[in-house]
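What follows is a set of notes on a single structure, which appears directly below.
Since every read-out is calculated from the coordinates, none of them should be taken as a lab result. Worth saying up front: this structure is predicted, and the values here are computed from it rather than measured. Note that we place each Cβ from the backbone using ideal geometry, even for glycine, and neighbour counts take in every protein chain shown.
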Amino acid sequence: MDQNKKKKKYWLRFLISGVAAFILIYVFYNVLRKNELIDTLYVDILNKFVEILLIGSKFITELFGFEVVTFGKTIKIIDGFKASGVYLDRGCMGRNVMLGYAALIAVFPGKIINKLWYIPMGLAIITIVNILRISGLAITAYCCPEYSDINHYLVFKIAAWIVIFLLWVIWFNRFSPFSKKKVTN
């Protein structure tokens, strides 16, 4: 098969896989989550993930010398009577970003063996970036709350998307069939 046909085959497979992934995600959120058992399990997993984010964010924020408390889905810096914090709403967990990253790598052409380690590694990196983001937002809310919206909606989100883009570029350039540098297993 000539190189041009091979590339078209990869892109067609990518497109079909992407549509299939979208349908699976749609079915999960709009059909399966209506099942009480599945929804309860999903919510429990999300709550545990929030705990992980808060524990990590508390640790990072304390490294900067702040007194920090966490409760529920909130992280607060305490200083005498002053307390400023961040509430982790549904979007703050990074679920959609992580799901988008995992789906992109899963459907993009490449060896499954590489995907089995690259997706979890990327998810771990995204989680660490999110922990740093939450910690940064807590510090911003304490030190200079007038910049909280700018940091939340612009600076930290851009940083997270840059990391995801870099992870995809590494995948594309190192592990995809379009890579100039072949990796052997």
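Values computed for the structure shown
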| quantity | calculated |
| --- | --- |
| Computed over the chain, Kirkwood Rh from alpha-carbon pairs, angstrom | 18.7 |
| Sorted by Cβ neighbour density within 10 Å, fewest at the top, the residues M93, M121 | M121, M93 |
| Cβ-based net charge around C92, under 13 Å, with every Lys or Arg adding one and every Asp or Glu removing one | +4 |
| Environment charge at I126 (Cβ cut-off 14 Å; Lys +1, Arg +1, Asp -1, Glu -1) | +3 |
| Loop-located chymotrypsin sites (Phe, Trp or Tyr not before Pro) in segment 52-131 whose Cβ has at most 15 other Cβ within 10 Å (DSSP) | F64, F81 |
| Debye intensity ratio I(q)/I(0), log10, segment 115-158, q values 0.22, 0.24, 0.27, 0.30 Å⁻¹ (C-alpha model) | -0.69, -0.76, -0.87, -0.97 |
| Helix-only CD estimate at 222 nm, as mean residue ellipticity for the chain, using -39500 (n - 2.57) per DSSP H run (n ≥ 4) | -22000 deg cm²/dmol |
| Greater than 19 Å apart at Cα, pairs in K115/K157; K9/K111; K34/K157; K48/K115; K111/K180 | K115/K157; K34/K157; K48/K115 |
| Under 15 Å, Cβ to Cβ, from V68 - net charge with Lys/Arg +1 and Asp/Glu -1 | 0 |
| Gaussian network model of the chain, springs between alpha carbon atoms under 10 Å - residue of V86, V43, V69 with greatest fluctuation | V43 |
